[in-house]
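Throughout, read-outs are computed from the coordinates displayed, never taken from laboratory work. Values in this document were obtained by computation on a predicted structure and should not be read as measured data. Heads up, the Cβs are rebuilt from the backbone with ideal geometry, glycines too, and the neighbour counts pull from every protein chain shown.
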Amino acid sequence: MLSFIARRLSVAIPTLLILVVLSFVLMYSAPGGPFNSERPLPPQVLANIEAKYGLDQPFWKQIVNYVWSVTTQFDFGPSFQYKDRTVNDVIAQGFPVTLTYGFWSFVVAVVVGVSLGIAAAIKQNSWLDYLAVGISVGAQVLPNFVMAPLLTLGLTLGWFWMTGAALLPGGGWEGGVIVAACAEKDNFCFGLPWGGAWRFDYLIMPVIALSTSYMASIARITRSSMLEVLNTNFIRTAKAKGLPMGRVIRKHALKPTMLPVLSYLGPAFVGMITGSVIIDVFFSTGGIGQFFVNSAFNRDYSVIMGITILVGALTMFFNLVVDILYAWIDPKIRY
Amino acid sequence: MYPNPSTVEALEDAALLAEVQGRSLWADARTRFFRNKAAVVSLVVLALIALFALFGQFLTQYERDTVDFALMGANAHKGAPSFETGHYFGTDNSGRDLFARVVQGTGISLMVGIVGAMVAVIVGTLYGAVAGYFGGRIDNIMMRIVDVLMSIPFMFVLILMLVIFGRSIFMLFLGIGLISWLDMARIARGQTLTIKNKEFVEVAHATGVHPMKIILRHIVPNLLGIVIVYATLLVPSMIIFESFISFLGLGVQEPNTSLGALISEGAGSMQYGTLWQLIFPLIFFVLTIFSFFFVGDGLRDALDPKDR
């Protein structure tokens, strides 16, 4: 197992280095610097600023410095746009937000998708099956940037036009799921007996928008995988020896069913972390996606690079975890 | 002595019958495809959408970038869709005709999808076939490269590229071309591995045919079925990919537009009640994606040897 992990890491780490170097080379080859504006700065001032950010040094020195500080100190350098912040500050501010949305979307997609798929497979050709298949076909054409406006149109604007008050807020960030107390007239907020409250209202639409298409894919994969497993001999044996159906599913069918689902989780994770850019921008959450797009418009290279590398590292870490899980669950894989 | 006329007729009928019975693989697939109603309907819808994108401009008197200053800022009550004004789909915030813009947006989205699929077919198929045919160390290195490229979050890298080299359609095509072939390469390699052990490849090899010629003449034609299926299914995901970037405002730039940019614009102004700005692009987007999925599914049922 350890050698398997080591072998995976020996691919992941060079890949990450390639990503760092690639994005640095791309940035370096950009025409115009971050401080070129319509009203050119006096050359002496420009030289001073470039010296401050280390942009006057030769290419190899810059790249070595950058790679060194990223890999050893996780320091992505100063932001060119926000003069008072470093890229690390930007990430520290935006990342928890994005992570909250991403985490809940992932949970919803996996839990709802897997249950829907299993239910559809067990009750094949029932109305539940047709509903699940219908949802998973329909949701293919509803990527997050389609879901987000439609949900807002229905639950915020439409509700407001009909009743005079929106059911759900159209965006914003209220500091997490656990808050001190519910606001007045706040839907989907539940007081907790030990003080504080669970507040979901501003999370619901982003999470649905982000998770729908992945939920549908997971449901489809689970359904077909489950159907295949239910036709195998060991399930027939389990049924023949008189086990109740629930036990057959839980003890025997579930594990092999999850294998194809597990291998889909890697791409789903990439899709969700990419989709969070749309969610952050559309719902004005203040997550890293919003910083990313702002920086893209303002040519704030260091922030873009920092976020790209961070996402790349996360993706590779997640794929590693999925690979290890897969090897652990599937006895056929020898490592 | 001449055969009597009835025998000639019978022989002719027999010849005709033989012709009917001798069906090729592709003719077989064609009948299977046309038996699938959803796929055929989708194909018709796709054809209509393509016609709309190509010739829709002739149906309206407005150019897509003509700003009607009388409507600017008064879009919510004067710009609604109507046949009297000739703005069939209404106008957008700047008083431009939405019909003409949807025509262009659909066209660009279709083009993006088709370019992505073409790159995938040409680069991906050849790459996968070469890797699969030669095997061994070449295969190992080539597929490791694909693995590395696949584990990079490409949306972010593409946005980085768009920022650095300027936002243009060309850069968008380049970015889409860079990623679209990866999956295809894997699929083509997997198929090649099974094909290369067949007798006809062995025979070609034994008679001394050049490896590249074996790949092009014997392997690639046998990959075509599966390649076509995945190319069709790739088109909608490329369209979604492009719309994603355009939705953020980083893709196709004004005065040009794509469905993603139009949806974004419609979503941004829906609180003023100008819902037509959201709905018309959305209808075309959803219809296009749906049709491609159904046609792809139909082709898979018709061509995929696994399901026979």
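In terms of the Cα gyration tensor, with a ≥ b ≥ c the square roots of its eigenvalues, is the protein assembly as shown rounded because a/c is under 1.5, prolate because a/b exceeds b/c, or oblate?
Rounded is the answer for the protein assembly as shown, as its axis ratio a/c remains below 1.5.
Place the peptides A:53-60, B:86-93, B:130-137 in order of packing, highest mean first, counting for every residue the other Cβ atoms within 10 Å and averaging per peptide.
Highest-to-lowest ranking by the protection proxy: B:86-93, B:130-137, A:53-60.
Among B:Leu98, B:Ser269, B:Asn222, pick out the residue whose Cα is farthest towards the positive end of the charge dipole of region B:41-307, where Lys and Arg carry +1 and Asp and Glu carry -1 on C-beta, about the Cα centre.
Going by the Cα projections, it comes out as B:Asn222.
How high is the FRET efficiency between A:Ser69 and A:Leu41 when r is their beta carbon distance and R₀ equals 25 Å, given to the nearest 0.05?
Computed FRET efficiency for A:Ser69 and A:Leu41: 0.45.
Just how large is the dipole of region B:41-307 about the Cα centre, in debye to the nearest 20, putting +1 at every Lys and Arg Cβ and -1 at every Asp and Glu Cβ?
With Lys and Arg at +1 and Asp and Glu at -1, about 780 debye.
Which entries in A:Lys123/B:Lys37; A:Lys123/A:Lys251; A:Lys123/A:Lys332 show an alpha-carbon gap greater than 22 Å?
A:Lys123/B:Lys37; A:Lys123/A:Lys332
Which parts of region A:203-226 would a label at A:Ala165 reach, counting a residue when its backbone N lies under 15 Å from a point 7 Å out along Cα-to-Cβ?
Answer for region A:203-226: none.
How big is region B:58-97 by Rg and Dmax over its Cα atoms, in Å?
Every Cα atom of region B:58-97 included, Rg and Dmax give 9.1, 27 Å.
So, with +1 on the Cβ of K and R and -1 on the Cβ of D and E, and no other charges, what is the size of the charge dipole of the protein assembly as shown about its Cα centre, to the nearest 20 debye?
2160
Below 8 Å between Cα atoms, with a sequence gap of 6+, how large is the relative contact order for chain B in percent?
25
Gaussian network model of chain A, Cα springs within a sub-10 Å range: biggest mean-square fluctuation belongs to which of A:Tyr202, A:Tyr28, A:Tyr301?
A:Tyr28
Under a GNM of chain A (C-alpha, springs under 10 Å), which listed residue has the highest mean-square fluctuation: A:Ala12, A:Ala238, A:Ala219?
A:Ala238
Sorting check: for A:282-289, B:210-217, which peptide has the highest mean count of neighbouring beta carbons within 10 Å, and how do the rest follow?
My ranking of the peptides, most packed first, is A:282-289, B:210-217.
Counting only other chains, and only Cβ atoms inside 10 Å, what mean value do you get across the residues of B:258-271?
Across B:258-271, the average partner-chain Cβ count within 10 Å equals 3.
With springs only between Cα atoms under 10 Å apart, run a GNM on chain A and tell me which of A:Thr98, A:Thr156, A:Thr237 wobbles the most.
Evaluated over chain A, the most mobile residue of the options is A:Thr237.
Farthest toward the dipole's positive end in chain A, which of A:Phe24, A:Gly113, A:Leu46, given Cβ charges of +1 (Lys, Arg) and -1 (Asp, Glu) about the Cα centre?
The residue sitting farthest along the positive end of the dipole is A:Gly113.
Net charge around A:Asn231, counting only other residues with Cβ within less than 15 Å of its Cβ (Lys, Arg = +1; Asp, Glu = -1)?
+2
Among the helices of chain B (complete DSSP H runs), which have Cα atoms covering no less than 30 Å along the helix axis and a Kyte-Doolittle mean of at least 0.0?
Membrane-span-like by this rule: B:98-119, B:169-195, B:220-247, B:276-303.
If a/c stays under 1.5 just call it rounded; otherwise compare a/b with b/c (prolate if a/b is bigger, oblate if not). Do that for region B:90-177, with a ≥ b ≥ c from the square roots of the Cα gyration tensor eigenvalues.
Prolate.
Return the average number of partner chain Cβ atoms within 10 angstrom of each residue Cβ along peptide B:141-153.
Whole-number average of other-chain Cβ neighbours for B:141-153 is 5.
Based on Cβ point charges of +1 for Lys and Arg and -1 for Asp and Glu, what charge dipole magnitude is obtained for region B:28-116 about its Cα centre, in debye rounded to the nearest 20?
In total the dipole reaches around 540 debye.
Taking a quarter of the surface of the convex hull around the Cα atoms of region A:35-177, what do you get in nm²?
16.1
Would you kindly work out the equivalent ellipsoid of region B:230-308 from its C-alpha gyration tensor and give its semi-axes, the square roots of five times the eigenvalues, largest first in whole Å?
Semi-axes from the Cα gyration tensor: 31, 14, 7 Å.
Name the residues of region A:301-335 whose amide N is less than 15 Å from a point 7 angstrom out from the Cα of A:Ser3 along the C-beta direction?
What the label zone holds, given the 15 Å backbone N cut-off, is A:334-335.
How would region B:41-307 be classified by its alpha-carbon gyration tensor: rounded, prolate or oblate, with rounded meaning a/c under 1.5 and the a/b versus b/c comparison settling the rest?
prolate
Quick check on the protein assembly as shown: helices-only [θ] at 222 nm, where DSSP H runs of length 4 and up contribute -39,500 (n - 2.57) each and the sum goes over total residues. Nearest 500, please.
-22500 deg cm²/dmol
How would you order A:69-82, A:161-174 from highest to lowest mean count of nearby Cβ atoms within 10 Å?
The packing order, highest mean first, is A:69-82, A:161-174.
Give me the number: length gained by fully extending A:Ala92 to A:Ser10, i.e. 0.36 nm times residue separation minus the C-alpha to C-alpha distance, one decimal in nm.
Full extension of this stretch gives 26.7 nm more.
Can you compute the modelled spin-label distance between A:Lys61 and B:Val41, with each label point 7 Å from Cα toward Cβ, in nm?
In this crude spin-label approximation the distance works out to 6.9 nm.
For chain A, what does the relative contact order come out to in percent, with C-alpha contacts under 8 Å and a separation of six or more?
Contact order relative to length: 25 percent.
Put a dot 7 Å past each Cα toward the Cβ at A:Ala30 and A:Lys332; how far apart are the dots in nm?
Placing both labels 7 Å beyond Cα along the Cβ direction yields 4.7 nm.
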